[in-house]
Every structure is written in C-alpha cells, then in structure tokens.
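Q: Encoded as structure tokens, here's the structure I'll be asking about.
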Amino acid sequence: MLTEEMQTLIRRFSAGAVATVNADGTPSVSPKATFVVLDDRTIAFGHIRSPGTVANLRRNPAIEVCFTDVVTRRAVRVTGTATIVRRGDADIALDDAFEAEWGPYRPRMGAYVRITVTAAEMILSPAYDLGLTEDELRKTNLEKLNTC
C-alpha cells in the first residue's frame, strides 16, 4: 500500500495535515508532526495537544493525512481508520517506534494514534506536467525558501 517512495517522503517530512470530522459533520484539519511509519499499511502519530482530533476520532475513526515535500512539490495522501492507543496499552513495536524517532517527546504523549491505511496516493505538482524535473523544482524552491 505505502510504497518505498511514499514511506521515504513521510519519514523525511513527518509533519502531516490530519483531516478528521467534527461532531457537526464539518471537516477539521490539524497539523501533527510526530509521525512514524510502522509498516506499509500502518502509520501513527503521538497525541500531544490534540484534544479535538482525538475527540473526533473517538466518534468517527475516518482519517486522512497529507504529507508534503514543499521542495520537490510532491505529496502523499493517506486515507485510513484510526485507533487511539493509550501509551500504557501500546505493544512494544509501537512504543519502540516512538522512542526511536521521538524519544524526548514521548513523555508528553498521552496516547498514540495508529492509522490502518486503506488507500495511499502520490500527488505531483502540475509543474511536472510542464516538463520540469525534480532537480529543477528542488533548486527553484530552495532558492525561494532561502530568501525568506
């Protein structure tokens, strides 16, 4: 499901825009930056200051996350089903993944949000349709970012 290319992008740009559904049916998007890739069908993030997101997921576990590489103008959209796992109830593999990637933040995580991936899609900028290469986009976008 998650190709190597997708997993690499998620690991390098671990801040994802997480979309959930509010109680009134409206969408809610919140950035989360503590993602880990567990395998090709599972990702997770740590619950730190995420009361609205977690409340939404307890009511409706539908979730979508978009990870964006702003330099090469590529993204991964992940759709799935979320499960809230209290830190004390996490299996060793889940807990170890967060310790390895986000050790200093782990004590602040009240829970982990494990996402079972049901669909994943690479999204490329229309700039690629115009014939621009990844190297050209990287150079142009790094120049833009370095002038900020």
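The values are calculated or read from the model by the stated rules, or taken from the named source; none is laboratory data. Since we're looking at a predicted model, the values are computed, not measured. Every residue, glycine among them, receives a Cβ derived from its backbone with ideal geometry; neighbour counts consider all protein chains shown. The protein model used for the area step is the full one, side chains on, heavy atoms only, and it has no ligands, DNA or RNA in it. Shrake-Rupley method; radii C 1.70, N 1.55, O 1.52, S 1.80 Å.
Q: Calculate the length of the line joining the C-alpha centroid of the range 18-76 to that of the range 77-148, in whole Å.
A: The range 18-76 and the range 77-148 have Cα centres spaced 9 Å from each other.
Q: While we're here: Which peptide among 125-136, 88-99 comes first, and what is the full order, when sorted by highest mean count of other Cβ atoms within 10 Å?
A: Result, highest mean Cβ count within 10 Å first: 88-99, 125-136.
Q: Here's a follow-up. How much accessible area per residue does the chain have, in Å², with a 1.4 Å probe? Don't skip to the answer; put the middle values down first.
A: Working: 8320 Å² over 148 residues.
Result: 56 Å² of accessible area for each residue.
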